[in-house]
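Undergrad: Got a structure here, written out as structure tokens. Questions coming.
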Amino acid sequence: MKNKVLLIYTGGTIGMGCNPQTGALEPLDFYHLKEKVYEFAFIKTGIDVYQFSTPIDSSDMDHRMWAKLVRIIAERYEDYDGFVILHGTDTMAYTASALSYMLENLTKPVILTGSQLPIGQLRTDGKENLITSIELASAYHPDGRPKVPEVCIYFNGRLLRGNRSTKQNAEGFTAFESFNYPHLCDAGVNFTYHFHHILQPDYDRPMTPHYSMDPNVIVFSLFPGIQENIVRHMLDAPELRSIVMRSYGSGNAPQQPWVTQLLKDASLRGVTIVNISQCVAGSVEMGKYDASYHLKNAGVVSGFDSTVEGAVTKLMYLQAHYNDFRMIRQMMNRSIAGEITIM
């Protein structure tokens, strides 16, 4: 067991209070959390705190904030055995996915957590999420290696791979799930680690931080009655470098000629189009049905069993590192941080 963790507070429901004038929840100063969590006095792990100067609602999270988080971790990497990031739930899966790529060859735990109710409320889920995340971030094997050297999300008894996670519930305490990948640990009375599902880095190499992300990507979902002119305007945007296309079932799309032609034209122009399913579980298998075979001919790339969050942030990461769209497409067919299962 190691014993020093950096707690990074970005904002989110866990640290919110009620505005007496408007009744709305708004971020409060982080240090009130320690006053609300008397259990901190019983935690043996050493805890230091880093607070964003202005806590943000997670709806305002973006690629610049991800770079800030990477810098905070990278500059203090040798000083701590693990990191816990308190974050709003709405974009937590995007941040966890982005950090999994930006912290290359991560050799220490980075656990994101938060809550559905502010930590000062009687029925809050914030205390358990926070305390357990600190325990997980400081959990090491006897040989001195961490038990979970990954970017993860911990919520309500479940430790999930960050880039496999998605928010599934806006009201229940079980806010996150990784539908296409097993839990890394289940926290009940005891911690039940599933070590064969946990990534193992190369401990002979250093962790390499990356700070650049190119956000010129868009997500769009297919639906019955989708209109050609609207899709054309979107695909014609000159800044557009990639698209995450949410298709039906196992990767199916309308077979109207205009759909194939617009996608093919964009692909030939160098736009990377990644096909993921609208279903929360399962994988894209282009060519399994006639309704997806034409996508392969149009140059569309399979996203396999990726989440939206995992695919978007992976494209942003790759676009910042490669100018050649062929390399980006090639890398989208590889798992670089455990984000997809290659069929």
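Residue by residue, here is whether (1) surrounded by 16 or more Cβ atoms within 10 Å (Cβ to Cβ); (2) among the β-branched types (Val, Ile, Thr); (3) touching a strand residue (DSSP E or B) at 6+ places or on another chain (Cβ under 9 Å); (4) in contact (Cβ under 8 Å) with a residue 60 or more places away in the chain holds:
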position	(1), (2), (3), (4)
Ala187	yes, no, yes, no
His196	no, no, no, no
Gln200	no, no, no, no
Asp204	no, no, no, no
His210	yes, no, yes, yes
Val231	yes, yes, yes, no
Glu239	no, no, no, no
Ile243	yes, yes, yes, no
Arg246	yes, no, yes, yes
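Undergrad: Here's a follow-up. For region 171-181, give me the residue count where each residue is in contact (Cβ under 8 Å) with a residue 40 or more places away in the chain and loosely packed, with under 14 Cβ neighbours inside 10 Å.
TA: 2
Undergrad: While we're on this one: Among the candidates Gly144, Gly126, Gly120, Gly114, which residue alone is more than 28 Å from Asp202 (Cα to Cα) and open to solvent by 10 Å² or more (accessible area, probe 1.4 Å)? Working first, answer last.
TA: Numbers: Gly144 fails: more than 28 Å from Asp202 (Cα to Cα); Gly126 fails: open to solvent by 10 Å² or more (accessible area, probe 1.4 Å); Gly114 fails: open to solvent by 10 Å² or more (accessible area, probe 1.4 Å).
Exactly one residue qualifies, and that residue is Gly120.
Undergrad: Consider Cys279 against the criteria (1) under 30 Å from Pro209 (Cα atoms); (2) modelled with pLDDT of 95 or more; (3) not polar (S, T, N, Q): it satisfies all of them except one. Which criterion is unmet?
TA: For Cys279, the failing item is (1).
Undergrad: When both residues are 6+ apart or on different chains and their Cβ atoms are under 7 Å apart, which pairs have a first residue that lies in region 101-122 and is of a type in the set (S, T, N, Q), and a second that is open to solvent by 10 Å² or more (accessible area, probe 1.4 Å) and not in a loop (DSSP other than H, G, I, E, B)?
TA: Asn105/Thr208; Ser115/Thr13; Gln116/Thr13
Undergrad: Right, next: Which residues, counting only those in region 34-49, are open to solvent by 60 Å² or more (accessible area, probe 1.4 Å) and not basic (Lys, Arg)? Steps first, answer last, please.
TA: Of all residues in region 34-49, those open to solvent by 60 Å² or more (accessible area, probe 1.4 Å) come to 34-36, 38, 41-42, 44.
The answer is Glu35, Tyr38, Ala41, Phe42.
Undergrad: Follow-up question, since we're still on this one. If you go through region 297-319, how many residues are at pLDDT 90 or above and either among the hydrophobic types (A, V, I, L, M, F, W, C) or more than 28 Å from Asp62 (Cα to Cα) (or both)? Give the steps one after another, and end with the answer.
TA: First, the residues of region 297-319 that are at pLDDT 90 or above: 298-319.
Within this subset, residues satisfying the condition of being either among the hydrophobic types (A, V, I, L, M, F, W, C) or more than 28 Å from Asp62 (Cα to Cα) (or both) are 298-301, 304, 308, 311-312, 315-316, 318.
Looking only at that region, the number is 11.
Undergrad: Can I ask one more? For region 95-114, does any single residue satisfy the condition of being over 26 Å from Val244 (Cα atoms) and modelled with pLDDT under 95?
TA: Checked against the condition, which is being over 26 Å from Val244 (Cα atoms) and modelled with pLDDT under 95, region 95-114 yields at least one hit.
Undergrad: Please find, within region 50-89, the residue that is farthest from the chain's Cα centre (by Cα) out of those that are under 15 Å from Leu7 (Cβ atoms) and exposed (fewer than 15 other Cβ atoms within 10 Å of the Cβ).
TA: Taking the candidates together, the pick is Asp79.
Undergrad: Need pairs with beta-carbon distance below 7 Å; first residue more than 11 Å from Val301 (Cβ to Cβ) and open to solvent by 40 Å² or more (accessible area, probe 1.4 Å) and within region 259-273, second of a type in the set (D, E, K, R) and modelled with pLDDT of 95 or more; sequence gap 6+ or separate chains.
TA: Partner pairs satisfying both residue conditions: none exist.
Undergrad: Another question about this same structure. Go through (1) farther than 22 Å from Tyr94 by Cβ; (2) out of contact with any strand residue (DSSP E or B) (no Cβ under 7 Å at 6 or more places or on another chain) and name the single condition Val300 misses.
TA: (2)
Undergrad: Here's another thing I want to ask about it. Would you call Gly303 without any contact (Cβ under 8 Å) to a residue 60 or more places away in the chain, among the small types (Gly, Ala, Ser) and crowded, with 23+ Cβ neighbours inside 10 Å? Outline the logic, then answer.
TA: Values: without any contact (Cβ under 8 Å) to a residue 60 or more places away in the chain: yes; among the small types (Gly, Ala, Ser): yes; crowded, with 23+ Cβ neighbours inside 10 Å: yes.
Criteria met by Gly303.
The values are calculated or read from the model by the stated rules, or taken from the named source; none is laboratory data. All of these numbers come straight from a predicted model, not from anything done at the bench. Cβ: placed from backbone, ideal geometry, glycine included. Neighbour counts: every protein chain shown. What goes into the accessible areas is simple: the full protein's heavy atoms, side chains included, and nothing from ligands, DNA or RNA. Shrake-Rupley method; radii C 1.70, N 1.55, O 1.52, S 1.80 Å.
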